[in-house]
Amino acid sequence: DLQTGEVLKRYFGHESLKPGQSEVIGRVMNLSNTLAVLPTGGGKSLCYQLPAMCMQGLSIVISPLIALMRDQVESLTKKGLPCARLDSTSSAEEIEQAMASIGSGELKLLYLSPERLAEPSMLRLLKESHIALVAIDEAHCISEWGHDFRPDYLNLATIVKAFPDVPVTAFTATATHRVQEDVIAKLGLRSPHLVRAS
C-alpha cells in the first residue's frame, strides 16, 4: 500500500516494516479484529500509529502506562501528528483542549487510560466522533490468568460493544494460550486474527 509506505517514510523515517508489524498493520487496514502478540521492542506502537495516520477519523489507544503515553504523545506531536492523552495526571486545561479537538474532528490519535474511558461523558463524546480504530495495549491486563490483572480493564468490553464496526487490535508481549483465549473472550472480539511474531 503506497499510502502506508509514504507515511512510514515521511513521519516515522523507516523504509520498511518488521514482518510482525507488516501483518498487524495489514489486518488493521483491512478492518479486522486482531490479537497481536509482539515481543517488547517489537515495534507495536507503529502498528497503531501508522494506520491512525492513514485512516479517516479518530484512533483510540488504551494503555495503563502513563509515562509511555506521555512520551509517545510528545514524540508524535513533534512529527506533526495531531494527538492527545487523557489519564489521571492530565490537567483541567489539557482535558479541555483534548475534548475540544475531539469535538472538532481534528485529532487523529487519542491515548486514554482505562479509568478515563470508564467515564460516561467520555464514551458519549467518542460516540459522537468518527472512530477509525481502537488499540488496546497491555491486553493481558484483562485476564485473571495473566500476571498483571487490572479490574478496570474489564470495562474495555464496553468500547468494543459501543463501536461494533470499528476494528479492535489488542496487543500483548507475553500471553499464554489460556490468556490469549481469555483476552478474546473478555473483550468480545468477533472472529479475531491472531498474529504472533517470534
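The values are calculated or read from the model by the stated rules, or taken from the named source; none is laboratory data. Here the structure is a predicted model, which is why all the values come from computation and not from measurement. A quick note on method: Cβ atoms are made from the backbone with ideal geometry, for glycine too, and the neighbour counts reach across all protein chains shown. We work out accessible area using only protein heavy atoms, side chains counted, and drop any ligands, DNA or RNA first. Shrake-Rupley method; radii C 1.70, N 1.55, O 1.52, S 1.80 Å.
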Next on the checklist: Of Gly146, Tyr48, Ile102, which is farthest towards the positive pole of the stretch 1-154's charge dipole, taken about the Cα centre with +1 and -1 on the beta-carbons of Lys, Arg and Asp, Glu respectively?
Outcome noted: Tyr48
Item to check | For the stretch 44-59, 3J(HN,Hα) per residue [Karplus equation, 6.51 cos²θ - 1.76 cosθ + 1.60, θ = phi - 60°, Hz, x = Gly/Pro] | outcome: 5, 4, 5, 5, 10, 5, 5, x, 4, 6, 8, 8, 6, x, 9, 9
Checklist entry - Which number gives the lysine pairs in the stretch 57-198 that have C-alpha atoms under 18 Å apart and are eight or more places apart or on different chains? => result 5
Next on the checklist: Run the paramagnetic zone check for His14: 7 angstrom along Cα to Cβ, then residues of the stretch 130-145 with backbone nitrogen under 18 Å.
Outcome noted: 135-138
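Whenever you get a sec, compute what percent of the accessible area on the stretch 8-106 sits on carbon and sulfur atoms (1.4 Å probe). The partial results should precede the final answer.
On the way: 2390 of 4740 Å².
After summing per-atom areas, the C and S share lands at 51 percent.
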Checklist outcome for this item: With R₀ set to 22 angstrom, the calculated FRET efficiency between the beta-carbons of Glu144 and Ser88, to the nearest 0.05, is 0.40
Item to check | Relative contact order, percent, the stretch 59-198 [alpha-carbon distance under 8 Å, six or more residues apart] | outcome: 25
Checklist outcome for this item: Under 5 Å from the placed amide H of Thr169, counting only residues 5+ away or on other chains, we find Thr34, Val134, Ala135, Ile136
Item to check | Average accessible area per residue (Å²) across the stretch 60-125 - probe 1.4 Å, nucleic acids and ligands excluded | outcome: 47
Checklist outcome for this item: Rounded to the nearest 0.05, FRET efficiency between Leu125 and Arg70 (Cβ-Cβ, R0 25 Å) equals 0.70
